[in-house]
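The values are calculated or read from the model by the stated rules, or taken from the named source; none is laboratory data. Bear in mind that the values here come from a model prediction, so they are computed numbers and not experimental data. All Cβ positions, glycine included, derive from the backbone under ideal geometry; neighbour counts span all protein chains shown.
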Amino acid sequence: MHMNSATIRQKFLEFFESKGHKIVPSAPLVLKNDPSLLFTNSGMVQFKDNFLGNAVPKSKRVADTQKCLRVSGKHNDLEDVGLDTYHHTMFEMLGNWSFGDYFKKEAIAWAWELLTEVYQLPKDRLYVTVFGGDKGDNLPVDEEAKDLWRAVVAEDRILHGSKKDNFWEMGESGPCGPCSEIHIDLRPAEEVAKKPGRELVNSDHPQVVEIWNLVFIQFNRLASGALEPLPDKHVDTGMGFERLCMAIQGKTSNYDTDVFRPMMDFIAMHGNVKYGDNIKTDIAIRVMADHIRAVSFAISDGQLPSNTGAGYVIRRILRRAVRYGFSYLNFKEPFMHRLVPLLAIQLKDVFPELHQQQEYVEKVVHEEEISFLRTLEKGLKRIENFDKVISGEQAFELYDTFGFPFDLTSLIARERGWSVDEKGFNEEMAKQKSRSKADASKETGDWVTVAEGDKPEFIGYDELTSTSRILRHRKVKQKNKELFQLVLDKTPFYAESGGQVGDTGVLEIAGEKIQVVDTKKENDLIVHWVEKLPAQIEAPVTALVNVPKRKLSMSNHSATHLLHAALRQVLGKHVEQKGSLVNDKILRFDFSHFAAMTNEELSRVETIVNEKIRENIQLDEKRHVPIEKAKALGAMALFGEKYGEFVRVITFDPSFSVELCGGTHVKATGQIGLLKIVSESSVAAGVRRIEAVTADGAFEYLNGFYNQLEQIKSQLKNPKDVVASVQTLAEEKQALEKKLEIIYQQQANQIKDVLAAKVVKSNGHSLIIERVTVPTADGLKNIAYALRNQFDDLILVLAADIEGKPQVAVMLGEKVEAAKKFHAGNMVKELAKEIDGGGGGQPFFATAGGKKLEGLGNVIVKATELVK
RNA sequence: GGGGGAUUAGCUCAGCUGGCUAGAGCGCUUCCAUGGCAUGGAAGAGGUCAUCGGUUCGAAUCCGAUAUUCUCCA
């Protein structure tokens, strides 16, 4: 049966919609507020809070296709992608969920119905697995699932799986449970006849593969390792979209489906090769076709390539693709960015965020390619200095310090018949890793429940104090520093999010004051970071936010909205927020724009914002607005931001600034007082950064300048025009320096002439041995060089008094130097003894300094003897 | 967050273990040659060697701190 990939995806969503599921959009690829994960790596990530009980699900039945990214983990490593025919960095995961609603029965029946009836996959090629039990966890075989399968599948197609394959866990701790997988055998009939597919399930055969995993979440794993049953049971399923397409379209590789093939043909055409002709070029084509997806979607979700964290992963993925193109397809110029439009069109209807930002993504990719190609070029130059045997340290330095990939080093070495010490390289790498690990070690303890409570409530939009209770706490150990995390039933503390920093403040518990050093979100949980636990953990807590700090943050945050709107007015609608930081000192706003802003543009933006401040526009805050309605109001939603069903809308003048935002804001813009832009700079290709200060910060900033100017003015005796005055001063200084230089030169010349007149001809040499007084060592040098230019048979010894310090200089003429009878360096060393000093230099010119000024006379005497 | 590197003329860079009065190519200015030019020739301007401190007779070079930037690891 033939179906294209778009149809396959659509049928999945339609199927579950018909079974009462709500179809939701994919969450962004890049995660915020989750310390345990950098990227969405499976469909369930966006529902984590539902499983953890921290959030109420939007609907009890949900289905979607989710963008996922995997670059490391037990089954996945970036370096494997492209080598085989089934690993990917970015992939789509189709999934259906039940939150305390249906369980194994429906999940199993529907999965089977979809695969065999809608997709018409052959039943005689399908196998299912069920959890076979585990002694360590004291769990039996999942008989419930097995019975349900028996209703549709022959007994001999139902297999038992180990804990590794059939018991799913979110992480070290948290919700988990047994799972049931559906596998398909895609081998040709003659091979199936030789060996039954059931023997190849879960044995890494590229054509006997898992296509769907149905997870039945029924336990919670504690940090101690023990399991406790969950009150609500959930279903979490995930089906790899690309693999499903392969199965339905009857291909033997994910890359042969219409998900990848058009892209690969495009790459092959421009690389002047044919896919399938050569294993090396095939790998390169797959790598590029795969990686551009991960990179493009990460960027469209707001993650720029960078040198830390998630951004670094994106950089690595892009660089790997460039590397393969460079080495095997001879792409010496940026090429990857040209794939972006193809991808944008292909997935326009599924993930519109890329299509909407196509130009921006292209630009970022292009710039990143250029910079990496430059890195490669520098590395290639460096390799030219190596020879035959490249040591592990050399290869590692090239990689670690200069970013030159190891496989390129060994490739080049192979081409030239050189050798590379790979073992040595790996050893250096291991050292680097252990250094970093030692630094990053962190231990997180189990949550200790103090009191039961619903989802903690944030009341900080309206209140800055509250009377609360501690719900739970835990210990976190990081770099020998012990901190505690507290969760309150309700809190006025704002948790870091949307760029605004977390609140600090004090918790008062039974007379004890506990400092809150930071407040952060962990998924939807508001976590207060404190340095110690209160003695009376169950007593009521008075929570007091640090008000002055918070107010400044509010001022900066509201100003950010005004700035955003003003930028769109001045520069155009292509301006989109790409990041922001708001604290009590400064606001930083990153946005997409392709050129540096002119001073005129900056001042227009500043003027608009300050006008809006003076208009003292009242804050219009709407909570719980349905997202569709908010968008209809013209609210700016950000790419890469995860929004719930209901959102908060912040408006300052409906015709000026309407934004979806969870941050805290001033009651009216007048409270901002003043906004002053401090700097405008570039962060990446197509992204500019503005830093600004407001309120007290702006006043201090401008006052600082004012005071500085006052000081300068008074230093200059209060001229009418300070700027002109400074300019004149600088010009005069330069002119004076020139004059002084000329005078020094003249002085030196005079001394030189005097000395030249005292030349004594002796043994065919022009001898000058004199005591002089000069202002600087440089002057002494100049005189010596001038005399060398005058006499090619010169032997010069000068004993100088330079501002009370003895100095000796010896200079030889060209001929004397060539004769090699005298050596200035040796001579000066001998003479330096007389002034308690040391020195040296080149064969024809050397200097020495010392401490004993009275010794200068002896220097003359000794020098006279030396040249005899 | 931790490690390594870089910062020299407007631009791209050289300057080895401290010591040729800090260089090259491109660009710039002036002049000469040709009908024209990414033309050829000649002369010239342009540098607090990132900043601050230290070691030394002497620091672009060695050491420390700061700033900026590249890069690897987490």
Determine if the range A:18-29 includes at least one residue that is surrounded by 15 or more Cβ atoms within 10 Å (Cβ to Cβ), outside any loop (DSSP other than H, G, I, E, B) and touching a residue at least 60 places away in the same chain (Cβ under 8 Å).
-> no
Check off (1) free of Cβ contacts under 8 Å to residues at least 12 places away in the same chain; (2) within 14 Å of RNA strand B (Cβ to nearest atom); (3) over 30 Å from residue A:440 (Cα atoms); (4) surrounded by 18 or more Cβ atoms within 10 Å (Cβ to Cβ) for residue A:282 and give me the number that stays unchecked.
-> (2)
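Output the strands (runs of 3 or more DSSP E) that fall wholly within the range A:102-194 and possess 1 or more residues being of a type in the set (D, E, K, R), or say none.
Numbers: elements: A:126-131, A:158-161, A:167-169, A:174-185.
Because the criterion is at least 1 residues that are of a type in the set (D, E, K, R), the strands (runs of 3 or more DSSP E) in the range A:102-194 that meet it are A:167-169, A:174-185.
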Please work out if residue A:306 is polar (S, T, N, Q), outside any helix (DSSP H, G or I) and in contact with a helix residue (DSSP H, G or I) (Cβ under 8 Å, 6 or more places away or on another chain).
-> yes
Residue list for the range A:359-391, restricted to those being surrounded by fewer than 22 Cβ atoms within 10 Å (Cβ to Cβ), aliphatic (A, V, I, L, M) and more than 20 Å from the chain's Cα centre (by Cα) | A:376, A:380, A:383, A:389
The lone exception for residue A:82 - which of (1) surrounded by 19 or more Cβ atoms within 10 Å (Cβ to Cβ); (2) more than 26 Å from residue A:206 (Cα to Cα) it fails | (2)
Which residue pairs have Cβ atoms closer than 8 Å, lie 6 or more positions apart in sequence or on different chains, and pair a first residue in the range A:430-451 that is within 16 Å of residue A:476 (Cα to Cα) and touching a residue at least 60 places away in the same chain (Cβ under 8 Å) with a second residue that is near RNA strand B (Cβ under 8 Å from one of its atoms) and of a type in the set (Val, Ile, Thr)?
-> none
Residue A:681 versus (1) without any contact (Cβ under 8 Å) to a residue 40 or more places away in the chain; (2) not in a strand (DSSP E or B): which is the lone unmet condition?
-> (2)
With (1) more than 30 Å from residue A:564 (Cα to Cα); (2) more than 16 Å from RNA strand B (Cβ to nearest atom); (3) small (Gly, Ala, Ser) as the list, and residue A:424 as the residue in question, which single condition is left unmet?
-> (2)
Mind counting the residues in the range A:75-87 that are over 15 Å from residue A:252 (Cα atoms) and touching a helix residue (DSSP H, G or I) at 6+ places or on another chain (Cβ under 6 Å)?
-> 1
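Each row is one residue, and each column tells you yes or no for (1) surrounded by 16 or more Cβ atoms within 10 Å (Cβ to Cβ); (2) under 30 Å from residue A:100 (Cβ atoms); (3) not hydroxyl-bearing (Ser, Thr, Tyr).
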residue	(1), (2), (3)
A:200	yes, no, yes
A:216	yes, yes, yes
A:229	no, yes, yes
A:252	no, no, no
Of all strands (runs of 3 or more DSSP E) completely enclosed by the range A:497-559, which ones contain at least 3 residues that are closer than 17 Å to residue A:465 by Cα, basic (Lys, Arg) and modelled with pLDDT of 90 or more?
-> none
Filter result for the condition that a residue is within 15 Å of residue A:797 (Cβ to Cβ), of a type in the set (Ser, Thr, Tyr) and away from RNA strand B (no atom under 13 Å from the Cβ), over A:847, A:864 = A:864
Residue A:464 meets each of (1) in contact with a helix residue (DSSP H, G or I) (Cβ under 8 Å, 6 or more places away or on another chain); (2) within 16 Å of RNA strand B (Cβ to nearest atom); (3) in contact (Cβ under 8 Å) with a residue 40 or more places away in the chain with one exception, condition (2)
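Do we have residue A:242 as assigned by TED's automatic domain parsing to the domain that holds residue A:102, of a type in the set (Asp, Glu) and part of a strand (DSSP E or B) here?
Working: assigned by TED's automatic domain parsing to the domain that holds residue A:102: yes; of a type in the set (Asp, Glu): yes; part of a strand (DSSP E or B): no.
Answer is no for this residue.
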Within the range A:310-358, considering residues that are under 18 Å from residue A:72 (Cβ atoms) and free of Cβ contacts under 8 Å to residues at least 40 places away in the same chain, the one surrounded by the fewest Cβ atoms within 10 Å (Cβ to Cβ) = A:312
Would you check if there is a residue in the range A:359-366 being aromatic (Phe, Trp, Tyr) and at pLDDT 90 or above?
-> no
Report yes if residue A:270 is touching a helix residue (DSSP H, G or I) at 6+ places or on another chain (Cβ under 9 Å), surrounded by fewer than 16 Cβ atoms within 10 Å (Cβ to Cβ) and touching a residue at least 24 places away in the same chain (Cβ under 8 Å), otherwise no.
-> yes
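Determine whether residue A:438 is part of a helix (DSSP H, G or I), at pLDDT 85 or above and either under 19 Å from residue A:516 (Cα atoms) or not acidic (Asp, Glu) (or both).
Values: part of a helix (DSSP H, G or I): yes; at pLDDT 85 or above: no; either under 19 Å from residue A:516 (Cα atoms) or not acidic (Asp, Glu) (or both): yes.
For residue A:438, the condition - part of a helix (DSSP H, G or I), at pLDDT 85 or above and either under 19 Å from residue A:516 (Cα atoms) or not acidic (Asp, Glu) (or both) - is not met.
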Residue A:505 is checked against (1) within 31 Å of the chain's Cα centre (by Cα); (2) in contact (Cβ under 8 Å) with a residue 60 or more places away in the chain; (3) crowded, with 20+ Cβ neighbours inside 10 Å and fails just one. What number does that condition carry?
-> (2)
Do we have residue A:796 as among the hydrophobic types (A, V, I, L, M, F, W, C), within 16 Å of residue A:780 (Cα to Cα) and either assigned by TED's automatic domain parsing to the domain that holds residue A:755 or more than 12 Å from RNA strand B (Cβ to nearest atom) (or both) here?
-> yes
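Matching residues to (1) part of a helix (DSSP H, G or I); (2) among the hydrophobic types (A, V, I, L, M, F, W, C); (3) at pLDDT 80 or above:
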{"position": "A:423", "(1), (2), (3)": "yes, no, yes"}
{"position": "A:426", "(1), (2), (3)": "yes, no, yes"}
{"position": "A:429", "(1), (2), (3)": "yes, yes, yes"}
{"position": "A:433", "(1), (2), (3)": "yes, no, yes"}
{"position": "A:443", "(1), (2), (3)": "no, no, no"}
{"position": "A:453", "(1), (2), (3)": "no, no, no"}
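Kindly check whether there is at least one residue in the range A:289-306 that is within 14 Å of RNA strand B (Cβ to nearest atom), outside the structural domain of residue A:638 (by TED's automatic domain parsing) and surrounded by fewer than 24 Cβ atoms within 10 Å (Cβ to Cβ).
As a first pass, look at the range A:289-306 and keep what is within 14 Å of RNA strand B (Cβ to nearest atom): A:303-306.
Filter once more, so that each one left must be outside the structural domain of residue A:638 (by TED's automatic domain parsing): A:303-306.
The next check asks that each one be surrounded by fewer than 24 Cβ atoms within 10 Å (Cβ to Cβ); those that pass are A:304, A:306.
Taking every residue of the range A:289-306 in turn, at least one turns out to be within 14 Å of RNA strand B (Cβ to nearest atom), outside the structural domain of residue A:638 (by TED's automatic domain parsing) and surrounded by fewer than 24 Cβ atoms within 10 Å (Cβ to Cβ).
Sort through A:818, A:824 and tell me the only one that's within 13 Å of RNA strand B (Cβ to nearest atom) and buried (at least 18 other Cβ atoms within 10 Å of the Cβ). Show your work before the answer.
Numbers: A:818 fails: buried (at least 18 other Cβ atoms within 10 Å of the Cβ).
One residue alone meets the criteria, A:824.
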Of the residues in the range A:370-406, those that are β-branched (Val, Ile, Thr), within 7 Å of RNA strand B (Cβ to nearest atom) and under 17 Å from residue A:305 (Cα atoms) come to A:375
Hey, could you check the range A:407-420 for residues that are buried (at least 16 other Cβ atoms within 10 Å of the Cβ) and farther than 20 Å from residue A:325 by Cα and say which is farthest from RNA strand B (Cβ to nearest atom)?
-> A:418
Output for the range A:827-842, where each listed residue is among the hydrophobic types (A, V, I, L, M, F, W, C), in contact (Cβ under 8 Å) with a residue 24 or more places away in the chain and within 12 Å of RNA strand B (Cβ to nearest atom) | A:831, A:832, A:835
